[in-house]
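These notes concern the structure reproduced below.
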Amino acid sequence: MVEDDPELAQLSMRVLEVLVAGTGAEGIRLTQEELPDLTILDFELPDMDAIEVLDQLRNGGNRTPNPVLILTGARHGASDQVRGLEHGASDYLAKGVDRAVFLARVQATIRTNRTDDAAVRQGQLLVDPRRGTVTLHGVPIHMDRKPLLVLYQLAKRDGGMMTREELLRTVWSTDYEGFERSVDQAVYSARKALGDHRWIQTVSGYGYRFRRLG
């Protein structure tokens, strides 16, 4: 838990097995060293905000695939939530929520990211959601978690179309239409990482489908 409010940190420690960091820099270090099941991240920290923390966790050689749940007191508008999700957060929760709801969301986020699905291979493309890896022609491809999961879900359909709503429910565990732009951004990122937009085809007005190229 990356949280500068001691009371909230203590509350969480009563119901979860928690490592607490009071700054963004300490949270990044603990997350990279300990690889926790989940990082609960305050939006506004003394040294940086959640977006800056996410960027450091999701980019570079030390990037971590574990889920991040943003917990915030004031920054919970739709635009803030979309920014957080686009930068690699798994979920977004306002402070003060009922404890049972808080624990349910924590469990759901961990469960979603602890997928038991096996890796899927389509020709020379291999997507492994458990390891958080993508390889093409045996060469590893850097891809953030959400684009990887979108690619995985589409590849599993083997040419079958998925709507944006289906992808939202499957990858983001939400059906809120305000997050549809996040789906499009994840598809864009996956195409860019693969180096060829034809791997994922747009079905105008509906969603996307996977196309095996080799």
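The values are calculated or read from the model by the stated rules, or taken from the named source; none is laboratory data. These figures come from a predicted structure and were not determined experimentally. Side chains included, ligands, DNA and RNA excluded: accessible areas come from the protein's heavy atoms. Shrake-Rupley method; radii C 1.70, N 1.55, O 1.52, S 1.80 Å.
List of remarks:
- Angle between the chain longest axis and helix 145-157 axis [Cα atoms, degrees, rounded to 10]: 40 degrees
- With all protein chains in place and a 1.4 Å probe, the accessible surface of the chain carries 45 percent carbon and sulfur.
- Nearest 10 degrees, 0 to 90: helix 6-15 Cα axis against the chain principal axis: 70 degrees
- Accessible surface, per residue, of the chain when the full set of protein chains is kept, probe 1.4 Å, Å²: 51 Å²
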